[in-house]
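Here is the structure we will look at.
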Amino acid sequence: MWLTEVELEAATVKLIPLRTIHAAGLVTAASDGELWDLWFTSVPNETTIEAYIANALAEQQKGTCLPFTIIDKTNNKIIGSTRFCHVDSLNNRVEIGYTWYSKSYQRTSVNTQCKQLLLSHAFETLNTIAVEFRTHWHNQKSREAIARLGAKQDGVLRNHQKVNGVYRDTVVFSIIDAEWPTVKTSLAYKLAKYD
């Protein structure tokens, strides 16, 4: 398999392989802001968490996904989840998706740290040629956060897939390998401002 389990660690966050024992912690994390109420995204709640984890682990077994649980190192608390997904090992492409954080960690350094870890692993260890990000057209916060990382918008897939019973338009962004050195410098600069 191209993707193998790994732990990734930054100053205040750690990404560890997703496990079923993380279910209660993930529900608690999602409760901070009741993230499952956002109609344009799929964040697990108490009734959906088991299926959410089972699906991620099944995709991992197929080699198309590598899911992580996000830990706040200052208190060892679960604060969210993210993953490499839609893996194309033939063409060395991955997507970073299914990312969500407890509301109290949004608009902090956490997203930048997590993305720096994932992008570094993707470009420097996996030697990917491109990393994609996809989000709902109506998820303006996510679109802005992806653009702040340095990703460029590739386009919009109209009526792309159903989310919560309605078709969504999916906005696709990417960072390609030639852009990684500049994006890496920009992320380091942003993180230094949090210190």
*Can you tell me which residue within the stretch 39-77, out of those that are of a type in the set (Lys, Arg) and closer than 24 Å to Gln106 by Cα, is surrounded by the most Cβ atoms within 10 Å (Cβ to Cβ)?*
Lys77
*Just a yes or no: is a residue in the stretch 109-122 in a helix (DSSP H, G or I) and free of Cβ contacts under 8 Å to residues at least 40 places away in the same chain?*
yes
*asked:* Give me the residue from the stretch 118-133 that is surrounded by fewer than 18 Cβ atoms within 10 Å (Cβ to Cβ) and within 19 Å of Lys190 (Cβ to Cβ) and, out of that set, farthest from the chain's Cα centre (by Cα).
replied: Glu124
_Would you confirm, using the coordinates I've provided, whether Phe40 is more than 14 Å from Lys103 (Cα to Cα), at pLDDT 95 or above and either of a type outside the set (Ser, Thr, Tyr) or assigned to a strand (DSSP E or B) (or both)?_
no
*asked:* Test of understanding: among Trp180, Trp137, which residue is under 23 Å from Ser89 (Cα atoms) and not basic (Lys, Arg)?
replied: Trp180
*Can you pull out the residues in the stretch 74-95 that are on the phi < 0 side of the Ramachandran plot, part of a strand (DSSP E or B) and not small (Gly, Ala, Ser)?*
Lys77, Ile78, Ile79, Thr82, Arg83, Phe84, Cys85, Val87, Asp88, Arg93, Val94, Glu95
*Within the stretch 83-99, track down each residue that is touching a helix residue (DSSP H, G or I) at 6+ places or on another chain (Cβ under 6 Å) and under 13 Å from Asn111 (Cα atoms).*
Ile96
_Of everything in the stretch 55-85, what is in contact (Cβ under 8 Å) with a residue 12 or more places away in the chain and under 20 Å from Gln161 (Cβ atoms)? Give them in sequence order._
Ala56, Glu59, Thr64, Cys65, Pro67, Ser81, Thr82, Arg83, Phe84, Cys85
*Under 6 Å by Cβ, and 6 or more places apart or on different chains, what pairs join a residue from the stretch 19-38 that is crowded, with 18+ Cβ neighbours inside 10 Å with one that is at pLDDT 95 or above and of a type in the set (Ser, Thr, Tyr)?*
His22/Thr69
*Restricting attention to the stretch 2-21, does a residue exist that is modelled with pLDDT of 95 or more, part of a helix (DSSP H, G or I), more than 24 Å from Leu187 (Cα to Cα) and of a type in the set (Ser, Thr, Tyr)?*
yes
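Residues checked against (1) over 17 Å from Leu119 (Cα atoms); (2) out of contact with any Asp or Glu (no Cβ under 6 Å at 6 or more places or on another chain); (3) surrounded by 11 or more Cβ atoms within 10 Å (Cβ to Cβ):
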| residue | (1), (2), (3) |
| --- | --- |
| Thr135 | yes, yes, yes |
| Ala145 | no, yes, yes |
| Lys152 | no, yes, yes |
| Gly165 | yes, yes, no |
| Arg168 | yes, yes, yes |
| Phe173 | no, yes, yes |
| Lys193 | yes, yes, no |
*Within the stretch 97-108, can you find the residues that are assigned to a loop (DSSP other than H, G, I, E, B) and in contact with a strand residue (DSSP E or B) (Cβ under 8 Å, 6 or more places away or on another chain)?*
Ser102
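The values are calculated or read from the model by the stated rules, or taken from the named source; none is laboratory data. This is a predicted model, so every value here is computed, not measured. Here the Cβ is made from the backbone with ideal geometry for all residues, glycine too, and neighbour counts use every protein chain on show.
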